[in-house]
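Below you'll find the structure, written out as structure tokens, and then a few comments.
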Amino acid sequence: MERTKIADLRQHIGEKVKVEGFLQTLRDQKKMQFLILRDLSGLVQVAFWKANDPALAEKISATATESVVSVTGTVIENPIVKLGGLEIQLETYEVIGPAESPIPLDPTAEALPSIDYRLDWRFLDMRRPPVTLLFKVQTTAEAAFREYWLKHDFIEIHSPKLMGSPSESGAELFEVQYFETKAYLAQSPQFYKQMAMAAGFERVFEIGPVFRADPSFTSRHMTEFTGIDMEISYIESHEDVMRFLENMLQYVYQRVKDAHDEEIKQQFGVDLRVPSVPFPRITMEKALEILKEVGYQLPPEKKGDIDPGGERALADYIKRTYDHDFFYLIDWPISVRPFYHMRHADQPHLTKSFDLIANGTEIVTGAQREHRYEILRQQAIEKGLSTQSIQFYLDFFRYGCPPHGGFGLGLSRLLMVMLNLPNIREAVFLFRGPNRLHP
């Protein structure tokens, strides 16, 4: 008999069905046994009269919760059953994946252990409905990104993650042995997105892994994450990139809301708000003035930059002033931006770049790129980079390259913001950090 999903049982009232899933609860009464079965689509109650088959009743009694079982029986309407007013009258029962007892993490428990303990037993933690929903939302969001890109004539690329030279300035590099030489895990697909621009692809996107050797233990940092990247040609400034991004995020939020709105309210207590466009824009110069006005003191080491506390303070100001959860922080100084960011012709100390802050958390960095070979080469030298090590990249711009720009977005940060999660560890399939490589 073919398996029936629990969510489809109402279409089979009066029929015999086979349902397979986890035994979530067993209520073993004097004359009756009530089993709550769970599959990915929902829950169903299964009823069995012990007198019908005492040996089978004993088998059911001996089954540990969270075992995977297969039952057949007739679907009937029963209005007193809270789970959709349906139940299955059990006929056959088989344990097809027995669970040990006691279970180290009960996915049905109201009180949860620490996040670190739950990550040790992540496969059990992911049986909880909110975690399952998280990955349904992620699937919908990724599909929506792709839909939007494809509607706007983008080409998908898959860039290499082993590189012979760093893809970003800075020390956040994982170095690996590569035969008789060294290689680095890609910090971003940046160089290769720009290679596609030089190839004349005009519009490209990639969803793939990104590696950062960042020793941070914050609630929003990971050493490996999924990056959502795009690059577009023939732009006039970073404003073109921001305009595309905000319209795309509006589309993604709407698709997620259409698909999961009620579940998100139920599991996360979040009334998902589709952002209006355009998003507010604030220059770095203005941001520093606002922080001074509201009395927020940036740490001394953050000269030219904004720390997480400053981002939250600015987000509060934007919320009060514009009633918006998103805003762009634009025109960053060259001291805190990579060498390949284009600079303003009339303000050469500033870059045509932006960060997108959502609910007080930075989720996107983007910019117009410098596409003129000699200027790009000089900016690399100014940043102290060896042009020899990045000559392959500089070569992209020697034989004609259109003006272009793009961004990188952290998928898990987006989910964390969207679902109001307290920690990025909750928003990824398996977290990787400075002290976590297992499971």
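Search the stretch 128-156 for residues being surrounded by fewer than 18 Cβ atoms within 10 Å (Cβ to Cβ) and of a type in the set (D, E, K, R), and hand back the single one that is nearest to the chain's Cα centre (by Cα).
Glu142
Testing Glu311 on (1) closer than 14 Å to Tyr328 by Cβ; (2) more than 23 Å from the chain's Cα centre (by Cα), one condition comes back false. Which one is that?
Against the list (1) closer than 14 Å to Tyr328 by Cβ; (2) more than 23 Å from the chain's Cα centre (by Cα), Glu311 comes up short only on (2).
State the number of residues belonging to the stretch 47-56 that are out of contact with any Phe, Trp or Tyr (no Cβ under 7 Å at 6 or more places or on another chain) and open to solvent by less than 20 Å² (accessible area, probe 1.4 Å). Outline the logic, then answer.
Our first condition is that a residue be out of contact with any Phe, Trp or Tyr (no Cβ under 7 Å at 6 or more places or on another chain); within the stretch 47-56, this holds for 48-55.
Narrowing the set further to residues that are open to solvent by less than 20 Å² (accessible area, probe 1.4 Å) leaves 48.
Number satisfying all stated conditions: 1.
For the stretch 218-237, which positions are in contact with a strand residue (DSSP E or B) (Cβ under 7 Å, 6 or more places away or on another chain), farther than 21 Å from Ala199 by Cα and either surrounded by fewer than 16 Cβ atoms within 10 Å (Cβ to Cβ) or not β-branched (Val, Ile, Thr) (or both)? Spell out how you get there, then give the answer.
The initial filter retains those residues of the stretch 218-237 that are in contact with a strand residue (DSSP E or B) (Cβ under 7 Å, 6 or more places away or on another chain), namely 220, 222-233, 235, 237.
In the following step, the residues that additionally are farther than 21 Å from Ala199 by Cα were identified as 220, 222-227.
Across the stretch 218-237, the qualifying residues are Arg220, Met222, Glu224, Phe225, Gly227.
Restricting attention to the stretch 3-19, which residues are open to solvent by 50 Å² or more (accessible area, probe 1.4 Å), of a type in the set (D, E, K, R) and over 32 Å from the mean Cα position of the chain (by Cα)?
Selection gives Arg10, Glu15, Lys16.
For the stretch 252-300, give me each residue that is touching an Asp or Glu at 6+ places or on another chain (Cβ under 8 Å) and not aliphatic (A, V, I, L, M).
Matches in the stretch 252-300: Arg255, Lys265, Arg273, Pro275, Pro278, Phe279, Thr283, Glu285, Pro299.
Which residue pairs have Cβ atoms under 7 Å apart, sit 6 or more places apart or on different chains, and have a first residue in the stretch 415-428 that is open to solvent by less than 10 Å² (accessible area, probe 1.4 Å) and a second that is among the polar types (S, T, N, Q) and modelled with pLDDT of 95 or more?
Every condition considered, the pairs that remain are Leu415/Gln138; Ile424/Ser412; Ala427/Ser412.
Residues checked against (1) assigned to a helix (DSSP H, G or I); (2) open to solvent by 10 Å² or more (accessible area, probe 1.4 Å); (3) touching a strand residue (DSSP E or B) at 6+ places or on another chain (Cβ under 9 Å); (4) closer than 23 Å to Gly310 by Cα:
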position	(1), (2), (3), (4)
His324	no, yes, no, yes
Phe327	no, no, yes, yes
Pro338	no, yes, yes, yes
Ser386	no, yes, no, no
Phe392	yes, yes, no, no
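Considering the stretch 117-127 alone, what residues qualify as being of a type outside the set (Ser, Thr, Tyr) and either over 17 Å from Phe268 (Cα atoms) or open to solvent by less than 10 Å² (accessible area, probe 1.4 Å) (or both)?
If we filter the stretch 117-127 for residues that are of a type outside the set (Ser, Thr, Tyr), which is where we start, we get 118-127.
Result: Arg118, Leu119, Asp120, Trp121, Arg122, Phe123, Leu124, Asp125.
Among the listed residues Pro102, Pro113, which satisfies the condition of being at pLDDT 95 or above, under 26 Å from Arg425 (Cβ atoms) and loosely packed, with under 13 Cβ neighbours inside 10 Å? Break it down into steps so the answer makes sense when it comes.
Values: Pro113 fails: loosely packed, with under 13 Cβ neighbours inside 10 Å.
Selected residue: Pro102, the only one of Pro102, Pro113 that is at pLDDT 95 or above, under 26 Å from Arg425 (Cβ atoms) and loosely packed, with under 13 Cβ neighbours inside 10 Å.
Report every pair of residues separated by at least 6 positions or lying on different chains whose Cβ atoms are under 6 Å apart, first residue within the stretch 125-137 and more than 21 Å from Leu23 (Cβ to Cβ), second open to solvent by less than 10 Å² (accessible area, probe 1.4 Å).
Val137/Val256
The values are calculated or read from the model by the stated rules, or taken from the named source; none is laboratory data. Keep in mind that this is a model prediction, so the values were computed, not measured. So basically every Cβ, Gly included, is an ideal-geometry build from the backbone, and we count neighbours across all protein chains shown. Side chains included, ligands, DNA and RNA excluded: accessible areas come from the protein's heavy atoms. Shrake-Rupley method; radii C 1.70, N 1.55, O 1.52, S 1.80 Å.
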